[in-house]
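K.L.:
Quick one: the structure is below, questions incoming.
The values are calculated or read from the model by the stated rules, or taken from the named source; none is laboratory data. The structure presented is a predicted model; accordingly, all values stated were derived computationally and were not measured. With ideal geometry, Cβ positions are generated from the backbone for all residues, glycine too; neighbour counts draw on all protein chains shown.
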Amino acid sequence: MSGPAHGAGALREHTHRGALAASDTVASALERADEVNAGRDGLNIFVSLDEKHLRRHAEACSGFMAHAEPAPLLGVPVAIKDNIASLHHPTTCGSRILAGYRSPYEATVVRRLRAAGAIPFGKTNMDEFAMGSSTEHSAYGPTRNPVAPDRVPGGSSGGSAAAVAAGIVPVALGSETGGSVRQPAAFCGIVGVKPTYGRVSRFGLVAFASSLDQVGVFGATVDDAARTLGVIAGRDPLDSTSADLPVPDYHRATDGAIRGLVIGRPKEYFPESLDPRVRQRCDAALEKLRELGAEIRDVSLPHTELAIPVYYIVAPAEASSNLARFDGVRYGLRMEGDGLRGMYEATRSRGFGPEVTRRIMIGTYVLSAGYYDAYYRKAQQVRTLITGDFARVFASGVDVLFTPTTPTTAFPIGAISDPYEMYLSDIFTATANLAGVPAMSQPIGRVDGLPVGGQFIAPHFGEESMFTFAYALERALGDEARS
Amino acid sequence: MAVTIHDVRHVAALARLGLTDERAASLVQEMNTILAHMDALSAVDTTGVDAVAGVGAGGLPVRADKGPPLPLTRSLDAFAPSVRDGFILVPRLSTHDTAEES
């Protein structure tokens, strides 16, 4: 198998020492991308991959070689989700309505990656406008799970997760609105991090639901994800919602000990309906953490079951507003119609797929006169209660929470046709987005050969301690995490 | 609060979405099924509970109302279909062919 044989840290060291040329890293990753895309069961990970620009980015790494200290991600190829603006590839959000669209500006996260010596490596497939949990709702067709190609990789950032899981790149960027990094990370057996709302700039991230959206990272290991988050996090004057707080050295959290710290086990995330094998894997992970000296405490987040109804009112409502800009005048596709309204309607009905249309309809409905108080306002009030659940638990002395990331393992492609059943894939992840707290998924074992993800949730801007727990668990599980 | 075909047509018009009769009919069913799950919220006592205005301790700050913070990385000519006097010209509607050139 070709592709990067090293994690981000080792790639950086080898590139800086001259033991590995960035051009060879890129060539190897391209070879691996071709390999996994071949044949009837090709994974369909990338929607655009420009070899010429990739080789130019690799050459740009030579500019960093004179530095005494290696740049943080020197020579590391990073796959980018297709809703994050980059200059040398189209940015289409997996949608017909943005086919061929090239952004005139670059997302801050991509600029920071390049400044850190990383190589932006193509754009990855996704559910259209990040609306989905399986990467089946893309104008480019579904992406397959590298672990089991008859199954979904999760979504909406399924292409980025698959790029890491298939060994093409050690790290990738995704975006989270309700679990779109953690859920695919769990399904593909890798690490996925959703930072605190405001931790990472969203300048250049195509907006879906602005009170929830956040750029996230995938890594083959906790260290890969921690290094990448450290590069992209921090205040950005181009995004007024980005927090003006110092960024810790997340990858140094590996040195921390968890003895004496408290892990909450929220009972609502372990319902009787939970797959018993997923429960067993979570309990085994908690036992490892207990052996390392952490205290495991049963806690309750009583409004958890309301997260999906709240999320699927708030997110579509915000989406219906954000996606109004795609009207055939300023971006991408344009269909002829009868007059201006006819052109709008023809363009949008042709350009948006069924799931995006459904969510725009729901969002417009819950914001419309007569229904606003019953749906949108009510949902925002219940969201306050969900946020309060987390605040109370963390104020009681709990350092982090540990839960399953998803109720099940990856499901077969085409297996779920009921939209609400698909929405329930996010039941353990959407709460963190609603409350704005950071959370991450990491592999904790397999069931019938399919990966199971365990989730840590931390207080606002508690990423550093979250990584300390994740490192400790990763070390304690060793090969068990992937077997 | 069952959604009717009239509601679907009204909402689609608000959202500038053109729907075939078949798609509009299926959306009646889909929206009713989804919104039935949302009714769980009506049973929650939210008396005196504020609606979330922003997440995180800082809420949602706004930046100073100044000019553009960064120049474009490429000139307008490099990506806009047509430019005049610093403004982007959008394509004319085919149904407005008789409109006077401006």
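K.L.:
Against the condition in a loop (DSSP other than H, G, I, E, B), facing chain A (nearest Cβ under 8 Å), surrounded by 13 or more Cβ atoms within 10 Å (Cβ to Cβ) and at pLDDT 80 or above, how does residue B:51 come out, does it pass?
P.N.:
Numbers: in a loop (DSSP other than H, G, I, E, B): yes; facing chain A (nearest Cβ under 8 Å): yes; surrounded by 13 or more Cβ atoms within 10 Å (Cβ to Cβ): yes; at pLDDT 80 or above: yes.
When the stated conditions are applied, residue B:51 passes them.
K.L.:
What's the total number of residues in the range A:367-406 that are touching a Leu at 6+ places or on another chain (Cβ under 8 Å), hydrophobic (A, V, I, L, M, F, W, C) and either free of Cβ contacts under 8 Å to residues at least 40 places away in the same chain or within 30 Å of residue A:138 (Cα to Cα) (or both)?
P.N.:
Adding up the residues that qualify gives 1.
K.L.:
In addition: Against the conditions (1) assigned to a helix (DSSP H, G or I); (2) free of Cβ contacts under 8 Å to residues at least 12 places away in the same chain, where does residue A:417 fall short? Just the number, please.
P.N.:
The failed condition is (1).
K.L.:
Additional query: Tell me, yes or no, whether the range A:410-426 has at least one residue that is modelled with pLDDT of 95 or more and under 30 Å from residue A:241 (Cβ atoms).
P.N.:
No, the range A:410-426 has no match at all.
K.L.:
Looking at the range A:289-309, is at least one residue of a type outside the set (Val, Ile, Thr), closer than 21 Å to residue A:455 by Cβ and touching a Phe, Trp or Tyr at 6+ places or on another chain (Cβ under 6 Å)?
P.N.:
No, because not a single residue in the range A:289-309 is of a type outside the set (Val, Ile, Thr), closer than 21 Å to residue A:455 by Cβ and touching a Phe, Trp or Tyr at 6+ places or on another chain (Cβ under 6 Å).
K.L.:
On to the next question. Report, by residue number, each residue of the range A:214-240 that is surrounded by fewer than 24 Cβ atoms within 10 Å (Cβ to Cβ) and within 14 Å of another protein chain (Cβ to nearest Cβ).
P.N.:
Those that are surrounded by fewer than 24 Cβ atoms within 10 Å (Cβ to Cβ) and within 14 Å of another protein chain (Cβ to nearest Cβ): A:235, A:236, A:237, A:238, A:239, A:240.
K.L.:
Tell me, which helices (runs of 4 or more DSSP H) wholly within the range A:329-400 include 1 or more residues that are facing another protein chain (nearest Cβ under 7 Å) and closer than 18 Å to residue A:212 by Cα?
P.N.:
Details: elements: A:339-351, A:354-367, A:378-395.
Output list reads A:354-367, A:378-395.
K.L.:
I need a count of the residues in the range A:55-86 that are of a type in the set (A, V, I, L, M), assigned to a loop (DSSP other than H, G, I, E, B) and more than 21 Å from the chain's Cα centre (by Cα). Full working, then the answer.
P.N.:
Applying the first criterion (of a type in the set (A, V, I, L, M)) to the range A:55-86 yields A:58, A:60, A:65-66, A:68, A:71, A:73-74, A:76, A:78-80, A:84-85.
The next check asks that each one be assigned to a loop (DSSP other than H, G, I, E, B); those that pass are A:65-66, A:68, A:71, A:73-74, A:76, A:85.
So of that shortlist, the ones also more than 21 Å from the chain's Cα centre (by Cα) come out as A:65-66, A:68, A:71, A:74.
Of the residues in that region, 5 qualify.
K.L.:
Pick from A:319, A:346: which is crowded, with 24+ Cβ neighbours inside 10 Å and of a type outside the set (Asp, Glu)? Even if it seems obvious, please write down each step before you answer.
P.N.:
On the way: A:346 fails: crowded, with 24+ Cβ neighbours inside 10 Å.
A:319 is the lone residue from the list that is crowded, with 24+ Cβ neighbours inside 10 Å and of a type outside the set (Asp, Glu).
K.L.:
Does the range A:39-49 include one or more residues that are in a helix (DSSP H, G or I), among the hydroxyl-bearing types (Ser, Thr, Tyr) and either touching a residue at least 40 places away in the same chain (Cβ under 8 Å) or buried (at least 19 other Cβ atoms within 10 Å of the Cβ) (or both)?
P.N.:
Looking only at the range A:39-49, we keep the residues that are in a helix (DSSP H, G or I), and these are none.
So far as the range A:39-49 goes, no, none of its residues is in a helix (DSSP H, G or I), among the hydroxyl-bearing types (Ser, Thr, Tyr) and either touching a residue at least 40 places away in the same chain (Cβ under 8 Å) or buried (at least 19 other Cβ atoms within 10 Å of the Cβ) (or both).
K.L.:
Restricting attention to the range A:400-414, which residues are in contact with a Pro (Cβ under 9 Å, 6 or more places away or on another chain) and of a type in the set (Val, Ile, Thr)?
P.N.:
A:400, A:403, A:409, A:413 - these are the residues of the range A:400-414 that are in contact with a Pro (Cβ under 9 Å, 6 or more places away or on another chain) and of a type in the set (Val, Ile, Thr).
K.L.:
Consider the range A:443-458. How many of its residues are buried (at least 24 other Cβ atoms within 10 Å of the Cβ) and in a strand (DSSP E or B)? Steps first, answer last, please.
P.N.:
Within the range A:443-458, the subset buried (at least 24 other Cβ atoms within 10 Å of the Cβ) is A:443-444, A:451-458.
From the residues that got through so far, the ones that are in a strand (DSSP E or B) too are A:443-444, A:451-457.
Looking only at that region, the number is 9.
K.L.:
Just to be sure before I move on: is residue A:208 crowded, with 24+ Cβ neighbours inside 10 Å, part of a strand (DSSP E or B) and of a type in the set (Phe, Trp, Tyr) in the structure I sent? Working first, answer last.
P.N.:
On the way: crowded, with 24+ Cβ neighbours inside 10 Å: yes; part of a strand (DSSP E or B): no; of a type in the set (Phe, Trp, Tyr): yes.
Judged against the criteria, residue A:208 is not a match.
K.L.:
Output the residues belonging to the range A:241-264 that are within 24 Å of the chain's Cα centre (by Cα), surrounded by 18 or more Cβ atoms within 10 Å (Cβ to Cβ) and outside any helix (DSSP H, G or I). Full working, then the answer.
P.N.:
Restricting attention to the range A:241-264, the residues satisfying the condition of being within 24 Å of the chain's Cα centre (by Cα) are A:241-254, A:263-264.
Filter once more, so that each one left must be surrounded by 18 or more Cβ atoms within 10 Å (Cβ to Cβ): A:241-243, A:247, A:250-251, A:253, A:263-264.
Across the range A:241-264, the qualifying residues are A:241, A:242, A:243, A:247, A:263, A:264.
K.L.:
Checking the structure you have, find out if any residue of the range A:200-213 is of a type in the set (Val, Ile, Thr) and farther than 18 Å from residue A:404 by Cβ. Please lay out each step first, then the result.
P.N.:
Keep residues of the range A:200-213 that are of a type in the set (Val, Ile, Thr), which gives A:200, A:206.
Remaining after also requiring farther than 18 Å from residue A:404 by Cβ: A:200, A:206.
Yes: the range A:200-213 contains one or more residues that are of a type in the set (Val, Ile, Thr) and farther than 18 Å from residue A:404 by Cβ.
K.L.:
Counting only residues that are among the charged types (D, E, K, R) and farther than 16 Å from residue A:460 by Cα, how many does the range A:199-253 have? Can you show your working first?
P.N.:
Filtering the range A:199-253 down to residues among the charged types (D, E, K, R) leaves A:199, A:202, A:213, A:223-224, A:227, A:235-236, A:239, A:244, A:249, A:252.
Filter once more, keeping what is farther than 16 Å from residue A:460 by Cα: A:202, A:223-224, A:227, A:236, A:239, A:249, A:252.
The qualifying residues number 8.
K.L.:
Of the residues that sit in the range A:111-140 and are in a helix (DSSP H, G or I) and crowded, with 23+ Cβ neighbours inside 10 Å, which one is farthest from the other protein chains (Cβ to nearest Cβ)?
P.N.:
First pass over the range A:111-140, keeping only residues in a helix (DSSP H, G or I): A:111-115, A:128-130.
Still in the list and also crowded, with 23+ Cβ neighbours inside 10 Å: A:113, A:128-130.
Numbers: A:113: 16, A:128: 15, A:129: 14, A:130: 18 Å.
That would be A:130.
K.L.:
Can I ask one more? Taking the range B:27-46 as the search range and keeping residues that are facing chain A (nearest Cβ under 9 Å) and not aliphatic (A, V, I, L, M), which one is surrounded by the most Cβ atoms within 10 Å (Cβ to Cβ)?
P.N.:
Looking at the filtered set, the residue picked out is B:30.
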